[in-house]
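First comes the structure, then the notes that go with it.
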Amino acid sequence: MQQIRLFVKGLSYSQTQSGAYALVLGEENGERRLPIIIGGFEAQSIAIALEKDMNPPRPLTHDLFKNFADQFGIGLKEVLIHKLQDGVFYSILVCERNGETHSLDARTSDAVALAIRFKTPIYTYEEILEKAGVILGEGQNPETKKGAVKPREPKSKESTSSGLLSTQSLESLKKQMDEAVRNEDYEKAARLRDEIEKREGQQD
């Protein structure tokens, strides 16, 4: 079966499932997007791996896996999203050690979090993209298509008590993000990072 390489296009907060996120993967040299619903912890781990400015004071689970693999000479060659059944995506890790290749079953969210850290490619089959992929028109977002979700900022006690992020200074937001990372509150750090990136984009 034909394999299609995928790239991480973004993360958004799910309106359809409380506490869940949508991981959006896009095909290489194509317009189709593959939205996958994942948990909050996995979304935070992926976001931290993508964001170079976030350095957790202690290794997260996926960082520990990467450190363990490096220590014992285990490489991750690729991630393959090989099956879609009852709305659930199934993936395998293709690992290599001492010239031998081994495949391990993995949740897709974990597989993507590891692929980013190992800098290894992510693939899926054409038939899965045909079944679950969406094609975006000009100016459209994945949430405008069936099966995807609309990104929004999750509400929390912290954002309510400190006021809307949009009313705070850029310097204050950066200080709060640094503090959130130190406290390992990665969900709050991700919200602050999104607001900072939006502000800095408006200044360009």
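The values are calculated or read from the model by the stated rules, or taken from the named source; none is laboratory data. Just so you know, these numbers come straight off a predicted model, no measurement behind them. FYI the Cβ positions are ideal-geometry reconstructions off the backbone, even for glycines, and counts take in every protein chain you see.
Worth pointing out:
- Residue check, Glu42 assigned to a strand (DSSP E or B), among the acidic types (Asp, Glu) and either more than 13 Å from the chain's Cα centre (by Cα) or assigned by TED's automatic domain parsing to the domain that holds Tyr123 (or both): no
- Selection over the stretch 71-127 of residues that are of a type in the set (A, V, I, L, M), over 17 Å from Ala22 (Cα atoms) and exposed (fewer than 14 other Cβ atoms within 10 Å of the Cβ) gives a count of 1.
- Only one entry in Val134, Val112 is aliphatic (A, V, I, L, M) and under 21 Å from Ala47 (Cβ atoms), namely Val112.
- Residues in the stretch 105-124 that are more than 19 Å from Lys52 (Cα to Cα) and aromatic (Phe, Trp, Tyr): Tyr123 alone.
- If you go through the stretch 8-36 and keep only what is more than 16 Å from Ala115 (Cα to Cα), surrounded by 20 or more Cβ atoms within 10 Å (Cβ to Cβ) and at pLDDT 85 or above, you end up with Tyr21, Ala22, Arg33, Leu34, Pro35.
- Any hit, the stretch 12-27, residues being part of a helix (DSSP H, G or I), in contact (Cβ under 8 Å) with a residue 40 or more places away in the chain and within 18 Å of Ala189 (Cα to Cα): no
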